[in-house]
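Right, one structure below, let's go through it.
No lab work stands behind these numbers, since they all come straight from the coordinates. Nothing here was measured: the structure is a model prediction, and the numbers come from that model. Glycine gets a Cβ as well: all are built from the backbone with ideal geometry, and neighbour counts include every protein chain shown.
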Amino acid sequence: MNIKIQSIKFDADKKLVDYVEGKLVKLDKYYDEITTIEAYLKLEANTETGNKKVEVRILIPGNELFVEKQASKFEEALDLCIDKLKVLLPKTKDKAKKM
């Protein structure tokens, strides 16, 4: 599994990159055929939900999952993405088995 983390409009510190990578690497227990995970950390204009946005794209043979969440902290937005992916990955795995 290949993990790519990209910060857009700012330089992410090592602690944040390590946190993101640590969370993403655990997703393979929900679907073991993940080939690539791309995470994008973005600073948005101030909004009610916060200005930190995390987008996660997961590439699986024959499929692609995309989740984005916004919060006041990158860690919080990432946790929201992970929670959503914990639901989506098993569903995608079940669909792949049925084909």
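Overview of results
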| item | result |
| --- | --- |
| Residue satisfying condition, being of a type in the set (D, E, K, R) and over 18 Å from Ile3 (Cα atoms), within set Glu76, Glu68 | Glu76 |
| Condition met for Tyr31 (within 13 Å of the chain's Cα centre (by Cα) and among the aromatic types (Phe, Trp, Tyr)) | no |
| Condition broken by Val54, with the remaining ones in (1) surrounded by fewer than 18 Cβ atoms within 10 Å (Cβ to Cβ); (2) within 15 Å of the chain's Cα centre (by Cα) satisfied | (1) |
| Answer from Lys93, Lys84 - the residue that is of a type in the set (D, E, K, R), in contact (Cβ under 8 Å) with a residue 24 or more places away in the chain and surrounded by 12 or more Cβ atoms within 10 Å (Cβ to Cβ) | Lys93 |
| Test: residue in segment 65-72 that is surrounded by fewer than 16 Cβ atoms within 10 Å (Cβ to Cβ), touching a residue at least 12 places away in the same chain (Cβ under 8 Å) and polar (S, T, N, Q) | yes |
| Segment 34-51, subset hydrophobic (A, V, I, L, M, F, W, C) and surrounded by 16 or more Cβ atoms within 10 Å (Cβ to Cβ), residue nearest to the chain's Cα centre (by Cα) | Ala39 |
